[in-house]
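Have a look at the structure below before the remarks.
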Amino acid sequence: MPLFRHAAFEISIAEPKGLPPPNGAEIAFAGRSNAGKSSAINTLAAHTRLAYVSKTPGRTQLINFFRLRNGAVLVDLPGYGYADVPEKIRRQWKGLLENYLQERSNLIGLVLIMDSRRPLTELDRQMLGWFAPRGRPVHILLTKSDKLSKNEAASALVSTRKALSEWGDAVTVQLFSSLKKTGMDEVESIVAGWLKAVGDEIPVYVPLAETKENPRPKGRKAGG
Ligand code: GDP
């Protein structure tokens, strides 16, 4: 079963104090609004409307938590970089993201979604600056790669890697397309590697929700 398939929604929060207690290893997905984050999550989860982004930037920004079948958690962070956002919302976004990326103990890795035609904006670098110093891995999806020619895609990959070389092996980069469903195996294998590396260090304390769509995997006990 592919890692993200059949992820199930658990909770949304709007403020750092609403964060649920750590309960399984978390993998966060972040990206500039319109970069293709919701499409990437929905493609990986094989679910057309799991991640759902409000296209109204004035609204409260939420962090959404989805439970994977293996007990880990996919965390969908609010998109950033909307033009004309009221200052209050911008401050709320910054507080929520900065706090989560810098402090969350069970956050083991970050998947950053960037439009392959416009990677590494200032805010993308800010996200890296908040998280990468923790020494945990970041994997970048250069998405919408179907919009580039083969040569353009290869050159986007090389130049993004080069621009991030200061981070060494901690930051990895790949091409991805939700439209063509390309690059799925690569991101799954990278994230599976992160989960394998932490092993049982981050236990699931609370029993996983069990539904018809999300039955408990065979052999997994509640809370285990
Ligand atoms: P988000 O704001 O980052 O969640 O972005 P969305 O996932 O909502 O995508 C923004 C726009 O880009 C939508 O119109 C999508 O249909 C389109 N899009 C997303 N991923 C791809 C892709 O891989 N290829 C193409 N061609 N379009 C994409």
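A few remarks follow.
- Span-like helix check, the chain: qualifying full DSSP H segments, with Cα axial length of 15 Å or more and mean Kyte-Doolittle of -1.0 or more, are 150-163, 184-198.
- Computed over region 114-160: relative contact order in percent, which uses C-alpha pairs under 8 Å that are six or more apart: 56
- Excluding exposed DSSP-loop GluC sites (Glu not before Pro) (at most 16 other C-beta within 10 Å), longest clean stretch of the chain: 1-200
- Shown here: region 5-48, whose C-alpha atoms stretch 29, 24, 16 Å along the first, second and third principal axes, sorted largest to smallest.
- The C-alpha atoms of region 94-178 occupy a region whose extents along the principal axes are 40, 24, 21 Å, arranged from largest to smallest.
- Sequence of K88, K37 once ranked by neighbouring C-beta atoms within 10 Å, starting from the fewest: K88, K37
- P(r) tail, the chain: Cα-Cα pairs separated by more than 23 Å, 45% of all pairs.
- Using the Karplus relation 6.51 cos²θ - 1.76 cosθ + 1.60 with θ = phi - 60°, the per-residue 3J(HN,Hα) values for region 4-12 come to 8, 4, 6, 4, 10, 4, 10, 7, 10 Hz, with x marking Gly and Pro.
- Listed residue pairs exceeding 24 Å between alpha carbons, taken from K147/K196; K17/K94; K147/K181: K147/K196
- Summing Cβ point charges (Lys, Arg +1; Asp, Glu -1) relative to the Cα centre of the chain gives a dipole of roughly 460 debye.
- Longest segment of the chain lacking chymotrypsin sites (Phe, Trp or Tyr not before Pro) that sit in a DSSP loop with at most 13 other Cβ atoms within 10 Å: 53-204
- Top positive-direction residue, dipole computed over region 135-186 with Cβ charges, set P137, L157, S177: S177
Taken together, the values in this text are just the output of simple stated rules run on the coordinates, not laboratory data. Predicted model, so just to flag it, every value in this text is computed and none were measured. Using ideal geometry, Cβ is built from the backbone for each residue, glycine included, and neighbour counts are taken over all protein chains shown.
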